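Structure first, then comments.
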Amino acid sequence: MGSETSALTALKAEMPLGDSESLVLASEVGQGRAVGLVLVDIVNGFCTVGAGNLAPTEPNDQIATMVEEAAKLAKMFSARNWPIFALLDTHYPGKPEPPYPPHCVIGSGEERLVPALKWLEKDPNFTVRRKDCIDGFIGSMEKDGSNVFSDWVKRNEIRVVLVVGVCTDICVLDFVCSTLSARNIGLVPPLEDVVVYARGCATHDLPVHVARNIKGALVHPQDVLHYIGLYMAKSRGARIVHKVSFD
């Protein structure tokens, strides 16, 4: 843990995220900038202790905080009839996703929303896209070339998307980068800003003393990779915020 703390301290010194920024939802909407909430992979298979191969093996503060913050935001959006879009990792049996072991297989329960968000399934402003790949933007593509996420943005005239979920440096980052690229070439009008809420994101933890006993495993220090994920998202043009409030 000491080496990870030292590494994180060094990263923050050499690669600062800049000034701490907040997102005030009422201010955005008051300026005519509709906001949509995007939940990335907040499913049992990644977030519920013991739920599967890629789930935490014990309670994890960063993941618990992410789920709590995502649930708060979902309730805030739902109460105001604002649009919510969920990307849910979902795989067919026997169809691998290298380099990961089987996870979130249909019918396993791993592919379901965590208990704190399950109520959303009955919310009229809730849209779900089940994806079988890491990148949710690509996973939203249809065979006819249309994109479910892009259509959701257009239909709701969203100018700001607020992104939360897991993993910060994997599925969240890939979705954010692809969405920003698509925005830059006019594929997701009228989208203007992609905002990532730091406390509303989390990643998994695979410390070195555990990874060395797993053949082929890569070390994945949680706090360090979470920070790197946020840094990379900002370097691609996302806004990173550390607080979200209504007013």
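With respect to the conditions (1) modelled with pLDDT of 95 or more; (2) farther than 22 Å from PHE137 by Cα; (3) in contact with a Phe, Trp or Tyr (Cβ under 9 Å, 6 or more places away or on another chain), ILE106 falls short on a single one, namely (2). The single condition among (1) β-branched (Val, Ile, Thr); (2) touching a His at 6+ places or on another chain (Cβ under 9 Å); (3) surrounded by fewer than 19 Cβ atoms within 10 Å (Cβ to Cβ) that VAL49 does not meet is (2). Counting the residues of the stretch 5-38 that are within 23 Å of the chain's Cα centre (by Cα) and open to solvent by less than 70 Å² (accessible area, probe 1.4 Å) gives 19.
Here is a yes/no grid of residues against (1) closer than 30 Å to ALA26 by Cβ; (2) in contact (Cβ under 8 Å) with a residue 12 or more places away in the chain:
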position: PHE77; (1), (2): yes, yes
position: ASN81; (1), (2): yes, yes
position: LEU87; (1), (2): yes, yes
position: HIS91; (1), (2): no, yes
position: VAL105; (1), (2): no, yes
position: LEU113; (1), (2): yes, yes
position: PHE126; (1), (2): yes, yes
position: ASP135; (1), (2): no, yes
position: LYS143; (1), (2): no, no
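In the stretch 52-75, the residue that is most open to solvent (accessible area, probe 1.4 Å) out of those that are of a type in the set (Asp, Glu) and in a helix (DSSP H, G or I) is ASP61. Applying the set (1) part of a helix (DSSP H, G or I); (2) open to solvent by 10 Å² or more (accessible area, probe 1.4 Å); (3) not small (Gly, Ala, Ser) to PHE175 leaves exactly one unmet item: (2). Reported count of residues in the stretch 82-97, each being over 29 Å from ARG33 (Cβ atoms) and open to solvent by less than 70 Å² (accessible area, probe 1.4 Å), is 4. For the stretch 163-172, the tally of residues that are open to solvent by 10 Å² or more (accessible area, probe 1.4 Å) and of a type in the set (A, V, I, L, M) stands at 1.
Annotation: of all residues in the stretch 151-160 being crowded, with 19+ Cβ neighbours inside 10 Å and out of contact with any helix residue (DSSP H, G or I) (no Cβ under 7 Å at 6 or more places or on another chain), the one that is farthest from ASP89 (Cα to Cα) is ARG159. Criterion applied to ARG183, ARG199 was being part of a strand (DSSP E or B) and among the charged types (D, E, K, R), and the one residue passing it is ARG199. In the stretch 119-142, the residue that is nearest to the chain's Cα centre (by Cα) out of those that are β-branched (Val, Ile, Thr) and more than 17 Å from ALA70 (Cα to Cα) is ILE134.
Within the stretch 141-161, is there a residue that is closer than 30 Å to TYR227 by Cβ, among the acidic types (Asp, Glu) and not in a helix (DSSP H, G or I)? Looking through the stretch 141-161, none of the residues is closer than 30 Å to TYR227 by Cβ, among the acidic types (Asp, Glu) and not in a helix (DSSP H, G or I). Residues that are buried (at least 17 other Cβ atoms within 10 Å of the Cβ) and at positive phi within the stretch 98-146 comprise just one, CYS104. Which of the residues belonging to the stretch 76-131 are assigned to a helix (DSSP H, G or I) and not acidic (Asp, Glu)? Listed by number, the residues that qualify are MET76, PHE77, SER78, ALA79, PRO115, ALA116, LEU117, LYS118, TRP119, LEU120, LYS122. Scanning the stretch 202-214 turns up one or more residues that are closer than 23 Å to SER20 by Cα and crowded, with 20+ Cβ neighbours inside 10 Å.
The values are calculated or read from the model by the stated rules, or taken from the named source; none is laboratory data. Please read all numbers here as calculations on a predicted model, not as lab measurements. Glycine also receives a Cβ, built like all others from the backbone with ideal geometry; neighbour counts cover every protein chain displayed. Accessible surface is based on the protein model in full, side chains and every heavy atom, while ligands, DNA and RNA are left aside. Shrake-Rupley method; radii C 1.70, N 1.55, O 1.52, S 1.80 Å.
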